[in-house]
1. Once fully extended, how much extra length lies between Lys169 and Val187, figured as 0.36 nm per residue of separation less the alpha-carbon to alpha-carbon distance?
2. On the full set of protein chains, 1.4 Å probe, figure out the accessible area of Lys38 and give it in Å² to the nearest 10.
3. With a/c under 1.5 counting as rounded, go ahead and sort the range 97-183 into rounded, prolate or oblate using the C-alpha gyration tensor (a ≥ b ≥ c being the square roots of the eigenvalues; past the cut-off, prolate if a/b is larger than b/c, else oblate).
4. So, in nm, how far is label Leu118 from label Arg32 when the simple model puts each one 7 Å beyond its Cα toward the Cβ?
5. Just reorder Phe151, Phe196 by solvent-accessible area, largest first, 1.4 Å probe, all chains present.
6. Please report, in debye to the nearest 20, how large the charge dipole of the range 96-190 is about its Cα centre when each Lys and Arg carries +1 at its beta carbon and each Asp and Glu carries -1 there.
7. Run the 1.4 Å probe and let me know the accessible area of Asp202, rounded to the nearest 10 Å².
Amino acid sequence: MPESNLISIVRREVSRRLSGQGAGHDMDHIDRVVSTAKVIQSREGGDPLVIELAALLHDVGDAKFHDGVERSGEFSREILEETMASSGSMGEPMIRHIVQIVENISFRKRAEASPLSLEGQVVQDADRLDALGAIGIVRTIEYGAVKGQCFFDPKNPHAKSGVSHFYEKLFRLRSLMNTETGRQMAVRREQFMQNFLRQFYDECGLESQSAIFEADPFMQS
């Protein structure tokens, strides 16, 4: 089976399983990660088929939508084994490689994650980049709205909010990039987010709060 057909089959199944899933973890997110992973792969190398399949599958069983249990690796194996059975175009070593990537790229698992291959590093960078820049801002606001969380509370600036999420997680991502291409892309996207936050504070008449930005250690890293 041609690789393009194999990818189409997997994408169709992932799209079916993610149907109705939003808050920044829908098929649009998957397609952006695939696209970014291809850009990184073109500069850093790695097996393009493994990278594209892992990017397609990386969130297919996200814990946020499965009662806190991460099932992406399990679901990836199901999909890949079904595809292999029908096409015979993929062997167990490739399936194992892709599942290992899917099981070890999430931010929440980083302390316990197994080392990633180059292909895994490329997909991880692409996934993390989708949390930065203009898309990262939109995803943060969308997710907060779904969870009933405010974007910022001026009376309690360190309370759980969209803005606090920037500092607790998103501004850490640049230093966690695996590839030079990923780092370069992260710098540009993070700078956009910093500028957005400063503008947000200014428009809300909260100039006195801008010290939060300069004091935060992640801004100085």
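1. 5.0 nm
2. Lys38 exposes around 100 Å² with every protein chain in place.
3. prolate
4. Modelled inter-label distance: 2.8 nm.
5. Phe196, Phe151
6. It works out to roughly 240 debye.
7. Estimated to the nearest 10 Å², Asp202 gives 80 Å².
The values are calculated or read from the model by the stated rules, or taken from the named source; none is laboratory data. These numbers come from a predicted model, not from an experiment. Virtual Cβ from ideal backbone geometry, glycine too; neighbours counted across all protein chains shown. Ligands, DNA and RNA are stripped out before the accessible areas are found, and what is left, the full protein with its side chains, is counted by its heavy atoms. Shrake-Rupley method; radii C 1.70, N 1.55, O 1.52, S 1.80 Å.
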